[in-house]
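K.L.:
Please find one structure pasted underneath; my questions will follow.
The values are calculated or read from the model by the stated rules, or taken from the named source; none is laboratory data. Note that the structure is a prediction, hence the values are computed from the model and not measured. Every residue, glycine among them, receives a Cβ derived from its backbone with ideal geometry; neighbour counts consider all protein chains shown. Ligands, DNA and RNA are stripped out before the accessible areas are found, and what is left, the full protein with its side chains, is counted by its heavy atoms. Shrake-Rupley method; radii C 1.70, N 1.55, O 1.52, S 1.80 Å.
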Amino acid sequence: MIRRLGRRWQTLHRLVYVIALLAVIHYWMQSKLEIWEPTIMAGIYGWLMGYRVLARFFALRGRLPLPWVGVLGVAAAVLTALGEAVFFWVAYGVDPMRVIAANWSLVTGWRPAVIVLGLGLGVTAAGALRGVITLPAKRRPGYA
């Protein structure tokens with residue numbers, strides 16, 4: 001399929017990133033007051049784009065070192081908390097420090113930054129587990 005697209009493949013591939021960003025913005029705009037899910041979606045999009053950038057510049061043999069993935073998960077969570085704080089500050093005049101404090105307190109429930117942090121650290125844990133567990137090789141039919 002990629003061969004049939006020819007040189008236009010890279011243009012289409014890069015256009016998908018812009019379309020995904022526009023989808024996040026659209027989802028955020030359609031949510032009037034409840035911005036919980038769009039904030040999580042924006043945090044995951046930020047993690048994915050951060051991974052792409054880091055993998056492009058720092059990947060070793062096609063893989064990003066595991067500590068970088070962990071740091072990226074923490075950075076995406078912090079940026080998610082900051083984004084939510086800025087939104088509530090601009091839209092409603094709420095003190096950003098109150099929103100950030102609420103993000104890291106589980107008293108108010110699972111906030112978007114905590115969910116993005118959990119997802120980022122879950123990907124890091126899966127990568128660490130992948131390095132520890134070796135799967136059996138696939139047997140080809142017809143070979144003993």
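K.L.:
Output the residue which, of all residues in the stretch 26-42 that are out of contact with any Phe, Trp or Tyr (no Cβ under 8 Å at 6 or more places or on another chain) and among the hydrophobic types (A, V, I, L, M, F, W, C), is modelled with the highest pLDDT.
P.N.:
Ile40
K.L.:
Residues to consider are Gln10, Gln30; find the one that is polar (S, T, N, Q), loosely packed, with under 12 Cβ neighbours inside 10 Å and within 27 Å of Leu72 (Cβ to Cβ).
P.N.:
Gln10
K.L.:
Filter the stretch 91-126 down to residues that are of a type in the set (A, V, I, L, M, F, W, C) and in contact with a Ser or Thr (Cβ under 7 Å, 6 or more places away or on another chain) and give me whichever is nearest to Ile35 (Cα to Cα).
P.N.:
Per the stated criteria, the residue is Ala113.
K.L.:
For Val71, only one of the following conditions fails: (1) in contact (Cβ under 8 Å) with a residue 12 or more places away in the chain; (2) within 15 Å of Leu119 (Cα to Cα); (3) β-branched (Val, Ile, Thr). What is its number?
P.N.:
The number of the failed condition is (1).
K.L.:
Can you confirm whether the stretch 73-91 contains a residue that is among the polar types (S, T, N, Q) and open to solvent by 60 Å² or more (accessible area, probe 1.4 Å)?
P.N.:
No: the stretch 73-91 contains no residue that is among the polar types (S, T, N, Q) and open to solvent by 60 Å² or more (accessible area, probe 1.4 Å).
K.L.:
Considering the stretch 35-68 alone, what residues qualify as being farther than 12 Å from Val116 by Cα and of a type in the set (Ser, Thr, Tyr)?
P.N.:
Answer for the stretch 35-68, where residues must be farther than 12 Å from Val116 by Cα and of a type in the set (Ser, Thr, Tyr): just Tyr51.
K.L.:
Which of the residues belonging to the stretch 54-77 are among the basic types (Lys, Arg) and assigned to a helix (DSSP H, G or I)? Spell out the reasoning first.
P.N.:
Step one: of the stretch 54-77, the residues among the basic types (Lys, Arg) are 56, 61, 63.
Listed by number, the list holds a single entry, Arg56.
K.L.:
Let me ask something else about it. Just checking, does the stretch 87-107 include any residue being in contact (Cβ under 8 Å) with a residue 24 or more places away in the chain, under 21 Å from the mean Cα position of the chain (by Cα) and either part of a helix (DSSP H, G or I) or under 20 Å from Ala128 (Cα atoms) (or both)?
P.N.:
Within the stretch 87-107, one or more residues are in contact (Cβ under 8 Å) with a residue 24 or more places away in the chain, under 21 Å from the mean Cα position of the chain (by Cα) and either part of a helix (DSSP H, G or I) or under 20 Å from Ala128 (Cα atoms) (or both).
K.L.:
Just one of Val123, Val116 is part of a helix (DSSP H, G or I), modelled with pLDDT of 95 or more and in contact with a helix residue (DSSP H, G or I) (Cβ under 7 Å, 6 or more places away or on another chain); which is it? Working first, answer last.
P.N.:
On the way: Val123 fails: modelled with pLDDT of 95 or more.
Result of the check over Val123, Val116: Val116.
K.L.:
Is the stretch 32-53 home to any residue that is assigned to a loop (DSSP other than H, G, I, E, B) and within 18 Å of the chain's Cα centre (by Cα)?
P.N.:
The answer is yes; a qualifying residue exists.
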